[in-house]
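Okay, so here's the structure we're looking at.
Bear in mind that the values in this text are calculations on the coordinates, not laboratory data. Note that the structure is a prediction, hence the values are computed from the model and not measured. Glycine gets a Cβ as well: all are built from the backbone with ideal geometry, and neighbour counts include every protein chain shown.
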């Protein structure tokens, strides 16, 4: 674990047990280490049916499992129900990043996280999504709080993982662990739009499964 002096974190509303939705290892690495350092009882919930293609999904999931197992943290491998995700995204195929498609996507993933938490004795949920500077922190928190509000006694933890050096430690841990480097948000539409931008700017298309933190990717 990264050797630093961390603040002691506590769950809101005197919570005792956290279910942490994780989108990937690079985002969750710092979040997990901060939670471990605070002796909080938690489990990882990997539910990300938005990730496309299947190869990218398996790479992200396997990296997350590898890191969780390193610290003996339980990880729940949830469904890859892509048909459900595409059905919800219908009509939003050309919405911009951070728009209503992303709200739908966060809602879907957090609703499943909240349901699992409620059914399995967790009093708190949160997500590693908020540590990414590419995401809208308020949008994520709104979705998380909306999902938790459906169940009595369940709270969404809105802690800002980016602050107090969190964003830098996120990158440091990714390099230390040589995590797989994702080059787009995850969904098919994000991949399409990112490749379009890259081609317009004289860059090659994304090559899935080739780049890792801590390596020379020049």
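How high is the relative contact order of the range 89-198, given as a whole-number percent (alpha carbon pairs under 8 Å, six or more residues apart)?
Normalised by residue count, the contact order of the range 89-198 is 24 percent.
Could you sort the peptides 52-62, 92-102 by per-residue average Cβ neighbour count (10 Å cutoff), highest mean leading?
Details: 52-62: 16.3, 92-102: 14.5.
The most tightly packed comes first, giving 52-62, 92-102.
Provide the packing ranking of 15-22, 196-203, 77-84, 28-35, i.e. peptides ordered by the mean count of other C-beta atoms within 10 Å per residue, highest first.
In descending order of packing, they fall as 28-35, 15-22, 77-84, 196-203.
Restricting to bridges with both residues inside the chain, how much of the DSSP beta-bridge set is antiparallel, in percent to the nearest 5? Please list the in-between numbers first.
Numbers: 1 of 15 bridges.
Once the DSSP bridges in the chain are tallied, antiparallel ones form about 5 percent.
Can you give the helix-only mean residue ellipticity at 222 nm for the chain, where every DSSP H stretch with n ≥ 4 adds -39500 (n - 2.57) and the sum goes over all residues, rounded to the nearest 500 deg cm²/dmol?
-14000 deg cm²/dmol
Please report the relative contact order for the range 15-200, taking Cα pairs under 8 Å with a sequence separation of at least 6, and give it as a percent rounded to a whole number.
30
Quick check: the distance between the Cα centres of the range 46-92 and the range 114-160, to the nearest angstrom?
Result: 17 Å between the Cα centres.
Using a Gaussian network model of the chain with C-alpha springs under 10 Å, which one of 14, 160, 50 is most mobile by mean-square fluctuation?
Of the options given, 14 has the highest mean-square fluctuation.
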